[in-house]
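Inspection log for the structure reproduced underneath, given as structure tokens.
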Amino acid sequence: MSQTRPGKRERLVAAAAEMVYRQGVAPTTLAHIAEAADVPLGNVYYYFKTKEDIVGAVVQTRAEQLEAILAELEARHRTPKTRLKALVEMLADRADETALYGCPYGTLATELSKRPDGTNPLATHLMELLINWAERQFQQLVRRDARDLAIDLVAAYEGAAVLASTLAQPDLMARHSRRLRAWIDAQPGRPTA
């Protein structure tokens with residue numbers, strides 16, 4: 001069975017997502033994206049009028065990927081604590097890549113928040129997806145401080161990702177992941193029936 005090649009738009013977004021992750025938004029040009037996607041530069045403008053348009057598509061793609069990951073965690077794990085620990089473990093499994101380029105969600109959100117025109121609402125959405133999902137898990141543990149705990153969890157992971165990348169130490173992610181899983185285990189609360 002032969003596989004069909006993704007369409008030009010899909011290839012452009014995939015190439016842009018990879019380039020933005022590896023080198024950032026500013027140095028990524030439409031010409032670089034077109035070359036990496038094997039699409040003639042003139043065709044790029046049929047799908048995306050500006051670089052901002054393709055960056056928006058990258059953010060939307062990252063959000064959809066994150067939503068799919070979180071939905072899978074919901075489906076595969078029965079309790080809120082096991083879901084939270086599975087999230088931490090999954091993120092830590094990317095330690096080598098995180099040490100090179102940072103967290104694909106956090107670095108993109110951070111970079112877009114520094115733009116002169118203000119934070120891109122889609123970038124804010126990336127962090128809110130993680131926080132809101134974690135908050136729901138802590139709410140299921142009947143925790144009144146669920147929002148604060150969710151922010152603590154995401155901040156701890158994103159901080160570890162920044163340090164692992166800055167210091168080029170992937171083992172830092174593994175060590176911090178163990179601490180986060182122990183922290184989750186130590187949280188009092190009972191799952192709702």
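The values are calculated or read from the model by the stated rules, or taken from the named source; none is laboratory data. Note that this is a predicted model, so its numbers are computed, not measured. Cβ coordinates were reconstructed from backbone atoms using ideal geometry, including for glycine residues, and neighbour counts include every protein chain displayed. Only protein heavy atoms, including side chains, enter the accessible area calculation; ligands, DNA and RNA are left aside. Shrake-Rupley method; radii C 1.70, N 1.55, O 1.52, S 1.80 Å.
Farthest toward the dipole's positive end in segment 41-151, which of V142, I69, S113, given Cβ charges of +1 (Lys, Arg) and -1 (Asp, Glu) about the Cα centre?
Selected residue: V142.
Taking all protein chains as present, what is the carbon and sulfur share of the accessible area of segment 5-70, in % to the nearest whole number, probe 1.4 Å? Before the final figure, lay out each step's value.
On the way: 1830 of 3300 Å².
It is 55 percent, rounded to a whole number.
Suppose all protein chains stay in the model; what accessible area per residue would a 1.4 Å probe give for the chain, in Å²?
On the way: 10490 Å² over 193 residues.
About 54 Å² of surface per residue is accessible.
Summing Lys, Arg as +1 and Asp, Glu as -1, what charge do residues with Cβ under 14 Å from the Cβ of T61 carry, T61 excluded?
-2
What is the sum of charges around W183, taking Lys and Arg as +1, Asp and Glu as -1, for the other residues whose C-beta is under 12 Å from the C-beta of W183?
Net of charged neighbours comes to +3.
When the helix-only estimate is applied to the chain (DSSP H runs of n ≥ 4, each -39,500 (n - 2.57), divided by the residue count), what is the mean residue ellipticity at 222 nm, nearest 500 deg cm²/dmol?
Calculated mean residue ellipticity at 222 nm is -24000 deg cm²/dmol.
Where does the charge balance sit around R5 when Lys and Arg score +1, Asp and Glu -1, over other residues with C-beta under 11 Å from its C-beta?
On the way: positive: K8, R11; negative: E10, D38.
Taking every Cβ under 11 Å from that of R5, the sum is 0.
State to the nearest 20 debye the size of the charge dipole of the chain about its Cα centre, where the only charges are +1 on K and R beta carbons and -1 on D and E beta carbons.
Magnitude of the dipole: close to 480 debye.
Which distance in Å, rounded to a whole number, links the C-alpha centroids of segment 84-134 and segment 51-75?
A separation of 11 Å, based on Cα centres.
Go through R178, R9, R83 and list them by solvent-accessible area, largest first, probe radius 1.4 Å.
In descending accessible area the options line up as R178, R9, R83.
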